Amino acid sequence: MARGPQRDRGGRDREERDSEFTDKLVHINRVAKVVKGGKRFGFAALVVVGDLKGRVGFGHGKAREVPEAIRKATEAAKRNLLRVPLRDARTLHHDTVGRHGSGKVIVRSAPAGTGIIAGGAMRAVFEMVGVHDVVAKSMGSTNPYNVVRATFDALKLQENPRGVAARRNKKVSDIVSRRRDGSAIDAGAEA
């Protein structure tokens, strides 16, 4: 009898954790396998999930039906989460370059009101992270898988000024005294 409530509670916790994430389908690919009777179709899905507060992940799923491929990709994305430090909960702390294969992306922080200036696959990643102002450029590969992986590479390189200051034994105000856009940073407001 004790097993029932434990299972229910575990299921509810999982549902609550899953409900905090939103997902976005980036790309769906139909593949055909030629067999004796004709063609068998399968589907591959690329999905990005995030909590819109700095956590994001991507996943890839393959199945014979589209909904099943999307479900598999979403589960894979939730197992592969990355925390991205955000400045003022709206943009990135600094500019970075990410690479994967022949794909290269340049990601730049932007002043308030800029919006998300990025193409297709990168836009989905930034929306799921919760970034509101960013300028990004994708070069090289246009394959959505490579672009998403390169974007994640760039996001992994993002550092919080507080962590940099601690590592260098300095004050946050010494690390970031004045930003390019002219806004001074408050050490207490930095998260």
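We did not get these values from a lab; they are worked out from the coordinates using the rules stated. Because the structure is predicted, anything quoted here is derived from the model rather than measured. Don't worry about glycine lacking a Cβ; one is built from the backbone with ideal geometry, like all the others, and counts go over all protein chains shown.
Brief remarks follow.
- Separation in nanometres of the label points that stand 7 Å from Cα toward Cβ, at residue 106 and residue 33: 4.4 nm
- Diffusion constant of segment 86-175 at 4 °C, which comes from Stokes-Einstein with the Kirkwood Cα-pair radius and 1.567 mPa s, µm²/s: 96 µm²/s
- Working note: Cα gyration tensor of segment 63-134, eigenvalues times five, square-rooted, sorted largest first, giving semi-axes of 26, 15, 12 Å.
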